[in-house]
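Enquirer: Please find one structure pasted underneath; my questions will follow.
Every number here is computed from the coordinates shown, using simple stated rules; none is lab data. Just so it is clear, the structure is predicted and the values come from calculations on it, not from any experiment. Every residue, glycine as well, gets a Cβ built from its backbone with ideal geometry; the counts of neighbours run over all protein chains shown.
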Amino acid sequence: MSSEHDLSSRLPLAARILELAEELRHEGVAVGTSELLDAFAVLGEISWTSQEDFREALAATLAKSQEDRRVFELVFERFFFRASEIAAARHGIHEQDAAGLEELSDDQLDALRAQIAAALRDGADGAMRDLARMAIAAFARRQEGSGVIGVDVQRIRRALGLRAEPQPELPAGDPRRDGVPREALRRFEALLRRELERAQIERTGSLPPARPLGELDRALPTGPLADLAAVHRVVAQLRRRLATQGLQARGHRRHAHVDVRRTMRASLQTGGVPVVLKFRPRRPRRPEIYVLCDVSTSVTSASVFFLSVLHALHDTFRKMRSFVFIERISEVTDIFEHERNFKAVSERIASDAGVADISGYTDYGRVWSEFLSDVEDDLHPRATVIVLGDARTNGRDPRADVFAQVAARAGRTFWLNPEPRLYWNYGDSVIAAYEQYCTAFECWTTAQLEDFVRALTRPAIAASR
Amino acid sequence: MSASPSPPPDLVSSSPESAEAVREGLRRVGYLPGESTALVSYLSTKLGKPVLVEGPAGVGKTELAKALARFLGRELVRLQCYEGLDEAKALYEWNYRKQLLRIQAEPSGTGWDAVQEDIFGEEFLLSRPLMTAISSEQPVVLLIDEIDKTDQEFEAMLLEVLSDFQISIPELGMVRSRTHPIVLLTSNNSRELTEALKRRCLYLWLDYPELEHELEIVRLHAPELPETMARKLVEVVGMVRALDLKKPPSIAESIDWARALLLLGAEEIDAETFTETMSVIVKHRTDMDVVAERVGLKLGSPADVV
């Protein structure tokens with residue numbers, strides 16, 4: 001795309017782009033050489049004066065999924081902000097002190113407040129940056145900055161009286177009365193932060209150390225586990241994936257039985273010559289699944305997640321029995337079969353299952369023996385047992401020997417633990433005792449759930465081959 | 001909306017000069033692109049790279065391909081993917097019946113070599129969408145729709161087609177593209193696509209449009225609808241999308257709704273008209289209950305509107 005001469009004259013930029021790619025890689029975006037070549041090719045086609053085009057073009061070549069795209073936005077912002085600031089500091093370029101803001105009277109401050117609130121309400125991005133600088137200038141004069149940027153941002157926001165919640169005590173006509181749009185407020189805070197950082201860099205003449213993106217920055221606005229809706233969407237996606245995987249297995253014709261009848265019928269098209277062989281479809285055996293789900297208080301936050309997983313699994317697998325347990329065990333297969341609505345299911349489980357008998361604490365030992373006596377005759381090597389729980393026994397006997405019996409009878413046993421692996425086997429968690437009989441997964445994000453699903457579906461196919 | 005096979009020549013521009021030109025062109029053929037949409041489409045025409053378009057259902061991914069074809073004056077070749085799609089359906093297939101006829105019509109005594117030479121010629125090849133796109137004399141726009149529905153094996157096969165624009169047929173040799181097709185792949189993200197495929201594509205994420213943008217789209221397709229009503233309509237659709245639904249309404253559905261309202265001669269979107277016409281934008285039994293409850297109430301009954 002670009003001749004050698006072109007490229008060398010652009011080298012400073014090329015180096016910058018490579019640095020950006022390096023930072024993207026650090027944040028987990030897979031940027032390959034071919035992507036970089038594309039990026040350079042693309043830059044030859046667009047005008048660099050429009051920041052919007054420049055960013056979009058780079059994004060189209062470097063970030064290849066929605067998550068990557070989000071990380072890209074953040075890294076791009078951070079990278080070019082830092083790059084331009086350090087260049088400015090190196091060349092000793094300072095901004096003019098915002099003149100005309102010596103001492104604002106209260107009236108003027110009120111006007112500024114109203115102006116900012118109006119800009120936020122109308123989503124006027126262009127004006128917002130200038131207003132953020134004015135706000136900083138105005139308030140820096142009134143009170144000393146704390147030196148911690150995050151604190152200053154909140155201080156200024158409070159001083160401006162900006163809140164997302166409606167503030168009915170304000171007079172009618174005030175743009176803040178119905179609450180400032182949350183999204184705009186977030187953007188304004190980001191601008192404040194940015195301007196404060198800029199001022200800090202200017203003061204000290206050096207860059208603060210780069211902060212890697214936190215999980216929080218990285219999460220999509222509709223992050224997993226944030227609310228039931230999000231969980232449900234992901235699980236629905238998972239269900240589709242599960243369904244296609246089953247069909248995929250059907251496509252693998254490892255052993256082929258010719259279907260004579262269909263072959264003959266097809267040969268009529270070719271004048272009785274069997275040109276196309278028709279094979280018997282290979283139907284994978286439907287796996288039989290037993291799911292035990294802990295619904296005690298120690299896993300409250302995870303149980304909604306678990307129940308929706310259960311719900312989704314029920315839609316996919318015909319032969320499935322589910323149980324919920326706290327101290328005792330209770331079969332809820334019927335509930336899932338009769339109720340299609342998730343909310344109704346969880347309500348019925350809460351009211352009818354009758355699992356929280358006496359103390360409300362999980363008693364794993366009792367659960368295993370009850371489970372075993374319930375399903376002993378049905379368990380067989382093709383069955384899969386999945387336990388959803390944190391393996392916290394509240395000091396009671398874990399009865400790993402009974403669990404071993406369950407695991408021995410079932411073909412495969414999985415454990416999904418909603419706690420991070422770090423906390424396993426601390427306190428009353430006895431997952432180690434069970435882990436020797438089953439495969440345990442850490443599962444508190446949807447990505448981890450997907451890992452598990454992959455493990456669940458793949459060996460099942462291999463086993464039935 | 002309907003794609004006319006040969007648009008009037010003044011709409012057509014075979015090689016746009018800037019992203020701005022693409023934006024304008026797409027507008028003229030009835031598609032209002034977002035900022036990045038126009039840019040990425042432009043880059044793809046310039047670099048000859050396929051574009052992977054992802055986004056929720058009904059944000060105009062397929063429509064983009066159609067509009068590009070109209071704008072560039074190219075034919076649209078569409079390959080609709082589904083589970084179990086194989087090479088015979090996507091690339092090419094030998095026309096057995098014709099081959100058989102050819103063999104039967106052969107005078108006795110013709111040598112095997114001659115026949116073999118004959119029946120594996122292009123004449124006996126049934127070309128499927130990918131083959132059509134590659135061997136076409138005129139440059140085309142190739143749309144590979146819902147690529148996420150296919151198996152990984154099929155994706156692997158696409159790699160050769162997408163990076164080199166060539167197909168190897170054992171009996172014939174290599175078929176190379178004579179012209180450079182513009183390729184769009186769409187995906188609803190129901191399956192993670194392979195890295196190898198993504199690597200070869202430019203990436204475009206299409207989301208539901210901003211309120212103003214959607215308003216413009218609705219106004220374009222239902223110009224008779226009064227401005228205030230169109231705005232209300234778009235706001236309501238936005239509210240409905242914010243709910244947790246099985247199937248949020250797509251852009252096409254907001255256009256349909258606008259047209260339905262026009263047809264019914266409705267003058268105001270209140271709770272009553274909303275419940276009556278809701279089925280245009282909400283297509284699930286359970287969704288309808290949720291929407292009626294949450295959005296219908298907000299709209300208020302006609303009596304409340306003073």
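Enquirer: Mind sorting A:29, A:367 by how few other Cβ atoms lie within 10 Å of their own Cβ, fewest first?
Expert: Least to most surrounded, the residues fall as A:29, A:367.
Enquirer: Out of region B:63-152, which chymotrypsin sites (Phe, Trp or Tyr not before Pro) are coil in DSSP terms and have no more than 13 other C-beta atoms within 10 Å?
Expert: Hits after loop and neighbour filter: B:82.
Enquirer: Using Cα-Cα distances under 8 Å and only pairs 6 or more residues apart, what relative contact order does chain B have, in percent? Spell out each step's value before the answer.
Expert: Working: 455 pairs, mean separation 61.3, N = 306.
After rounding, I find 20 percent.
Enquirer: Tell me which residues come under 5 Å, amide H to amide H, from residue B:150 once H is placed; ignore anything under 5 positions away on its chain.
Expert: It is none; the list stays empty.
Enquirer: In peptide B:140-151, how many Cβ atoms from other protein chains are near each Cβ within 10 Å, on average?
Expert: Counting other chains' Cβ atoms within 10 Å and averaging over B:140-151 gives 1.
Enquirer: Determine the shielding of peptide A:30-36 by partner chains: average, over its residues, the number of Cβ atoms on other chains within 10 angstrom of each Cβ. Could the numbers behind the result be given before it?
Expert: On the way: counts 3, 0, 4, 1, 4, 4, 0.
Taking all residues of A:30-36 together, the mean is 2.
Enquirer: Taking H as built 1.01 Å from N, whose amide H comes closer than 5 Å to the amide H of residue A:289, not counting residues under 5 places away?
Expert: A:320, A:321, A:384
Enquirer: Same structure, new question: What does the helix-only formula give at 222 nm for chain B: each DSSP H stretch with n ≥ 4 adding -39500 (n - 2.57), the total divided by the residues, and the result rounded to the nearest 500 deg cm²/dmol?
Expert: Working: 14 runs with 144 residues, N = 306.
Only helices count here, giving -14000 deg cm²/dmol.
Enquirer: On to the next question. Go through region B:39-51 residue by residue and turn each phi into a ³J(HN,Hα) via Karplus (6.51, -1.76, 1.60, θ = phi - 60°); whole Hz please, and just put x for glycine and proline.
Expert: 5, 5, 4, 4, 4, 5, 5, 6, 8, x, 9, x, 10
Enquirer: Order by neighbour count: A:393, A:333, fewest other Cβ atoms within 10 Å first, most last.
Expert: Details: A:393 18, A:333 14.
With the fewest neighbours first, A:393, A:333 line up as A:333, A:393.
Enquirer: Restricting the calculation to Cα positions, tell me the Rg (one decimal) and the Dmax (whole number) of region B:211-297 in Å.
Expert: 11.8, 32
Enquirer: What list do you get for A:444, A:48 if you sort them by fewest beta carbons within 10 Å?
Expert: A:48, A:444
Enquirer: Pairs of lysine in chain B with Cα under 14 Å and at least 8 positions apart or on different chains: total?
Expert: 4
Enquirer: Shielding of B:38-47 by partners, i.e. mean partner chain Cβ atoms within 10 Å per residue?
Expert: Mean inter-chain Cβ contacts per residue within 10 Å come to 5.
Enquirer: Within 10 Å of each candidate Cβ there may be at most 11 other Cβ atoms; applying that plus a DSSP loop requirement, which trypsin sites (Lys or Arg not before Pro) in region A:403-445 survive? Intermediate results must be reported in sequence, preceding the final value.
Expert: Details: sites: A:409, A:412, A:421; in loops: none.
Passing both the DSSP loop test and the Cβ count: no residue.
Enquirer: Also, I was wondering about something else. Quick one: helix B:152-164 against the long Cα principal axis of chain B, what's the angle to the nearest 10°, folded into 0 to 90?
Expert: Orientation of helix B:152-164: about 70 degrees from the principal axis.
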